[in-house]
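> Sharing a structure below in structure tokens format, with a few things to ask.
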């Protein structure tokens, strides 16, 4: 088998493996199931940078208690449509899911639910939480802050995270609109993956420690990410820092620990970051059937565009990921051989007999 050929792992097989790893580092069964779903769904959608690729560093962080494996995730304040959640240094994926559940419950009663969470960690793909609203005929939004890896516009010192966010919008009989993006030109996980594979990165993704554009992923990891859209991406990052960090009472910007950013093999200390979640109940604005019809009309108008040369169709945000998910559900989750090896090494390290694929 060639080194670059992906290994296909049956979906349920991967779920069981991830849950077994998490149980081995003292994560309760329910939380292990949530974490496994978050990671596997990312891989199913083709977002491998936020899939099981990050299991090993989280598991080792849990093992040394940098991440609390048994957090008491609780609502510490609730007023009308809003709530504040304390994550107790738990897995961000677990804190995020519990917080979005609260936002959905608030939206069901008030039409809108806005929840902030603090004392949390890296929460994976933001789309996972935004998409939780879809099954309730709601619009979902999720955002997080992160360790400082981007400089402000005109600067060269990392002072802001790339603070990703996601929207998920039901679209009737069409594929839901799902926009998930970092405020940097590329996610740091993509650069880390390129470094692991010994590949160059496109110019424009990152700069070295002196602020000079680089295509060397290792120099980029020691330097800083560049904002998407220049000053606009910087502005978005700053707004997400306010919503997820300042408003939640979490650590912000340069105060967030950066130790994990350099080695990456283990999360050495809790990030104590914050998240922001929003749910909008369509039924409080108009009849869901009317909204669905209007969304279908909007999608039809977008698709009616004349195609550019060499383009075979117009895709909606999230549509390519939905198509990948459908294919990978059928064929199995594609994992790079290096990821499979890392996971099997982790299983051996934890004394588990299970091995992939």
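> Test of understanding: among 102, 95, 84, 73, which residue is in contact with a helix residue (DSSP H, G or I) (Cβ under 8 Å, 6 or more places away or on another chain) and either closer than 25 Å to residue 248 by Cα or modelled with pLDDT of 95 or more (or both)?
None of the others qualify; the one that does is 73.
> Out of the stretch 221-237, which residues are touching a strand residue (DSSP E or B) at 6+ places or on another chain (Cβ under 6 Å), closer than 16 Å to residue 147 by Cβ and part of a helix (DSSP H, G or I)?
Result: 237, single match.
> Look at residue 308 and say whether it is without any contact (Cβ under 8 Å) to a residue 24 or more places away in the chain, surrounded by fewer than 17 Cβ atoms within 10 Å (Cβ to Cβ) and over 30 Å from residue 146 (Cβ atoms).
yes
> For residue 286, all conditions in the list (1) buried (at least 17 other Cβ atoms within 10 Å of the Cβ); (2) more than 17 Å from the chain's Cα centre (by Cα); (3) in a loop (DSSP other than H, G, I, E, B) hold save one; what is the number of the exception?
So residue 286 meets the others, but not (1).
Results for (1) buried (at least 21 other Cβ atoms within 10 Å of the Cβ); (2) within 20 Å of residue 42 (Cβ to Cβ); (3) in contact (Cβ under 8 Å) with a residue 60 or more places away in the chain, shown as yes or no for each residue.
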{"site": "173", "(1), (2), (3)": "no, no, yes"}
{"site": "200", "(1), (2), (3)": "no, no, no"}
{"site": "222", "(1), (2), (3)": "no, no, no"}
{"site": "232", "(1), (2), (3)": "no, no, no"}
{"site": "243", "(1), (2), (3)": "yes, no, yes"}
{"site": "249", "(1), (2), (3)": "no, no, yes"}
{"site": "267", "(1), (2), (3)": "yes, yes, yes"}
{"site": "270", "(1), (2), (3)": "yes, no, yes"}
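To keep it simple, each residue is scored yes or no on (1) farther than 22 Å from residue 60 by Cα; (2) surrounded by fewer than 24 Cβ atoms within 10 Å (Cβ to Cβ); (3) in the same structural domain as residue 243 (by TED's automatic domain parsing); (4) in contact (Cβ under 8 Å) with a residue 40 or more places away in the chain.
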{"site": "88", "(1), (2), (3), (4)": "no, yes, yes, no"}
{"site": "93", "(1), (2), (3), (4)": "no, no, yes, yes"}
{"site": "114", "(1), (2), (3), (4)": "yes, yes, yes, yes"}
{"site": "121", "(1), (2), (3), (4)": "no, no, yes, yes"}
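> Same structure, new question: So which residues in the stretch 207-220 are in a loop (DSSP other than H, G, I, E, B) and more than 25 Å from residue 341 (Cα to Cα), if there are any at all?
Matches in the stretch 207-220: 208, 209, 210, 211, 212, 215.
> Right, next: Going by the conditions given, is residue 204 surrounded by 15 or more Cβ atoms within 10 Å (Cβ to Cβ), on the phi > 0 side of the Ramachandran plot and either outside any strand (DSSP E or B) or in contact (Cβ under 8 Å) with a residue 24 or more places away in the chain (or both)?
no
> Could you tell me whether the stretch 13-26 includes any residue that is in contact with a helix residue (DSSP H, G or I) (Cβ under 6 Å, 6 or more places away or on another chain), over 24 Å from residue 127 (Cβ atoms) and surrounded by fewer than 21 Cβ atoms within 10 Å (Cβ to Cβ)?
Yes: one or more hits.
> Looking at 338, 270 in this structure, which one is in a helix (DSSP H, G or I), closer than 30 Å to residue 63 by Cα and at pLDDT below 95?
338
> Listed residues 277, 291; which is part of a strand (DSSP E or B) and touching a residue at least 40 places away in the same chain (Cβ under 8 Å)?
Of the residues listed, the single one that is part of a strand (DSSP E or B) and touching a residue at least 40 places away in the same chain (Cβ under 8 Å) is 277.
> Go through the residues of the stretch 238-251 one by one and say whether even a single one is assigned to a helix (DSSP H, G or I) and farther than 30 Å from residue 159 by Cβ. Break it down into steps so the answer makes sense when it comes.
Of the residues in the stretch 238-251, the ones assigned to a helix (DSSP H, G or I) are 238-246.
Imposing the further condition that a residue be farther than 30 Å from residue 159 by Cβ reduces the set to none.
No: the stretch 238-251 contains no residue that is assigned to a helix (DSSP H, G or I) and farther than 30 Å from residue 159 by Cβ.
The values are calculated or read from the model by the stated rules, or taken from the named source; none is laboratory data. Computed from a predicted model, the values in this text were never measured in an experiment. Note that we place each Cβ from the backbone using ideal geometry, even for glycine, and neighbour counts take in every protein chain shown.
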